[in-house]
1. For LYS171, which lysines qualify as cross-link partners when the Cα separation must be under 23 Å and same-chain residues fewer than eight apart are set aside?
2. Express in whole angstrom the spacing between the alpha-carbon centres of region 268-310 and region 355-386.
3. Multiply the residue gap between ASP274 and SER134 by 0.36 nm, knock off their C-alpha separation, and tell me the result in nm, one decimal place.
4. Can you figure out the FRET efficiency of ARG37 with PHE288, using R₀ = 56 Å and their beta-carbon distance, to the nearest 0.05?
5. Could you pull out the longest piece of the chain with no exposed loop GluC sites (Glu not before Pro) in it, calling a site exposed if DSSP puts it outside H, G, I, E, B and it has at most 15 other Cβ atoms within 10 Å?
6. Does region 17-257 classify as rounded, prolate or oblate by the C-alpha gyration tensor (a ≥ b ≥ c root eigenvalues; a/c under 1.5 gives rounded; else a/b over b/c gives prolate, otherwise oblate)?
7. Can you list residues whose amide H is under 5 Å from GLY241's amide H, if they're 5+ apart or on another chain and H is modeled 1.01 Å from N?
8. Counting other Cβ atoms within 10 Å, keep those with at most 10, restrict to DSSP loop, and tell me which trypsin sites (Lys or Arg not before Pro) in region 215-285 are left.
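Read-outs: derived from the displayed coordinates by stated rules, not from any lab. Keep in mind that this is a model prediction, so the values were computed, not measured. Note that we place each Cβ from the backbone using ideal geometry, even for glycine, and neighbour counts take in every protein chain shown.
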Amino acid sequence: MQKTVYLDNQATTPVDPRVLDAMLPYFGPKFGNAASRSHRFGWEAEQAVELARKRVADLAGALPREIVFTSGATESNNLGIKGAVEAYRAKGDHVVTVATEHKAVLDPVRRLEPLGCRVTVLPPLGDGLFDLDSLRDAILPETVLVSVMYANNEIGVIQPVRNIGAVCREKGVLFHCDAAQAFGKIPIDVAGDNIDLMSLSAHKMYGPKGIGALYVRRRHPRVQLAAQMDGGGHEFGLRSGTLNVPAIVGFGEACAICARELAEEATRLCDLRDRLKRNLEAGLDRVFVNGSMEHRLPGNLNMSFEGADGEALLMSLPDVALSTGSACTSAVVEPSHVLRAIGVSEQLAHSSLRFGLGRFNTAEDIDYVARRVIESVRKLRSLAPV
Ligand SMILES: *Cc1c(COP(=O)(O)O)cnc(C)c1O
């Protein structure tokens, strides 16, 4: 079998072997229900959950009781956005977000409209960043919530979250931040950033799938939320359902590893990412980076290759696991809404690749991928010269 280089770490990351080791006992002898109060099995599970809660909180600069475990960032976005709008109905009915958000933010926000909510979707700037004056202008007296992601899943662009938080605080509106891509990759501090609600996902940071959390601020201000899942009152009454103990343990372990290794890993991935960009630019003309290089996640590179279709590129690279900036929704290939929103032409959006570098990629992987992409782009261009 030919080896495949995995370069799609923004879609999901492999589980770190240390995370798997930490989880295994909770699939075996430590199988207790964390809500069982009358025996050792329950206590053991609860203790493991509380250690994990502390580890997640520590990495975010939060308190353990501000962490609500959910099934992932999609659920956290739904709980944070719908739950806040429902709880603050008396205050207003307006939400502000940005066109480059993940569908897991845009779709829940859209769902609120038929319920009588008004939504403002701000356009980003050409580099994927976001203009604070347009945010200031968009916030109305009836605005309840602003939702802006920490770092983008397609172009890796990191928003000026601290400044966005300051504007929200100054205007007295809640700030929700989808940090699924940023958490564990760059330092995050909910206090300094004035974040009120923050969505997290374990499988983007070398933890297991199907587990995540919502950070809910408890002080200055104490954020009110309406639960979206009732039954039993688990997780401070905000998210009922028996806790997924093994996955929570894995999420906690993933956070502890990131806390220790984040700085070193970020430097290494930035170097690899820049090496990939240099190689591609040296081997090909008419290549364009999408989104700001300066304000970008360490492990992300998104480039358009003029004259080479992204889908065709992926087909010619079966030995590299990558994503293109087009998504097959139903039968048609749609260009990415993120690339379109930052002003990339439809054609260049269809010619884009997202390189998602991660913990287990090596310099050899990167050089191999660069060589293969250069070959494939040249071949495709020679087949259909412009
Ligand atoms: C992956 C991702 C999500 C969805 O997270 P799940 O845990 O898979 O539900 C939401 N937002 C962003 C920015 C993501 O990258």
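1. Within reach: LYS82, LYS91.
2. The distance from the Cα centre of region 268-310 to that of region 355-386 comes to 10 Å.
3. Additional length available on full extension: 47.2 nm.
4. Values: r = 59 Å, r/R0 = 1.05.
The computed FRET efficiency comes out at 0.45.
5. Looking at the chain, 143-293 is the longest stretch - no exposed GluC sites (Glu not before Pro) with at most 15 other Cβ atoms within 10 Å.
6. prolate
7. Long-range HN contacts for GLY241: GLY233, HIS234.
8. Working: sites: ARG217, ARG218, ARG219, ARG222, ARG239, ARG260, ARG268, ARG273, ARG275, LYS277, ARG278; in loops: ARG217, ARG218, ARG219, ARG222, ARG239.
Listed in order of number, the matching sites are ARG219, ARG222.
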